[in-house]
1. Report, largest value first, the span of the C-alpha coordinates of the chain along each principal axis, in whole Å.
2. Using a 1.4 Å probe on the protein heavy atoms, what percent of the accessible area of the chain belongs to carbon and sulfur?
3. So with the 1.4 Å probe, I'd like the accessible area per residue for the chain, rounded to whole Å².
4. If r is the Cβ-Cβ distance from residue 88 to residue 18 and R0 is 35 Å, what FRET efficiency results, to the nearest 0.05?
5. When the convex hull of the Cα atoms of region 1-57 is projected onto a plane and the area is averaged over all directions, what value comes out in nm²?
6. About the Cα centre of region 9-58, what is the dipole size in debye to 20, counting +1 per Lys and Arg Cβ and -1 per Asp and Glu Cβ, all else neutral?
7. Take every Cα pair under 8 Å in region 9-99 that's 6+ residues apart, average their separations, divide by the length, and report that relative contact order as a whole percent.
8. With r defined as the distance between the Cβ atoms of residue 36 and residue 59 and R0 fixed at 25 Å, what FRET efficiency is calculated, to the nearest 0.05?
Amino acid sequence: MKDNLINEIELAMQKSLSHEQIKELPTVLEYTFRNLCITEKVFCHSADCRSDLIEKFLAAKKVEGCSEKSTRYYKSSLVNAFNKIEKNVVQITTDGKNG
């Protein structure tokens with residue numbers, strides 16, 4: 001992932017930097033990113049993805065000891081929320097801001 005990011009930056013900067021600067025850029029970027037763990041953001045748009053997330057959440061609740069009645073309530077609430085909130089799952093926050 002880090003290599004892909006470096007390549008994208010190099011391509012984006014080709015018109016703005018001199019030949020010498022372009023040659024030095026990968027070294028600078030590698031050094032700058034040396035202590036970073038870069039991951040790709042995963043988006044969950046499909047109903048299958050949402051269902052999978054709900055099932056994982058419910059499984060965790062069962063492990064925590066929630067009753068069958070509670071997990072049914074959680075499932076119903078989550079399905080209704082996802083149907084009403086027209087956002088990607090990863091864009092939903094609890095801070096009350098639109099985003």
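1. 66, 28, 26
2. Values: 4360 of 8140 Å².
Ligands and nucleic acids excluded, carbon and sulfur reach 54 percent.
3. On the way: 8140 Å² over 99 residues.
Result: 82 Å² per residue.
4. Details: r = 40 Å, r/R0 = 1.15.
Efficiency at R0 = 35 Å is approximately 0.30.
5. Numbers: hull surface 23.1 nm².
Quarter of the Cα hull surface area: 5.8 nm².
6. Working: 6 positive and 8 negative charges, 23 e Å.
That gives region 9-58 a dipole magnitude of about 100 debye.
7. Values: 26 pairs, mean separation 24.2, N = 91.
In percent, rounded to a whole number, it is 27.
8. Values: r = 32 Å, r/R0 = 1.27.
Efficiency, from the Cβ-Cβ distance: 0.20.
The values are calculated or read from the model by the stated rules, or taken from the named source; none is laboratory data. As the structure is a computational prediction, the values presented were derived from the model and not from experiment. Here Cβ is always computed from backbone atoms with ideal geometry, including for glycine, and neighbour counts include all displayed protein chains. For the accessible areas, the whole protein counts, side chains as well, though only heavy atoms, and no ligand, DNA or RNA atoms are used. Shrake-Rupley method; radii C 1.70, N 1.55, O 1.52, S 1.80 Å.
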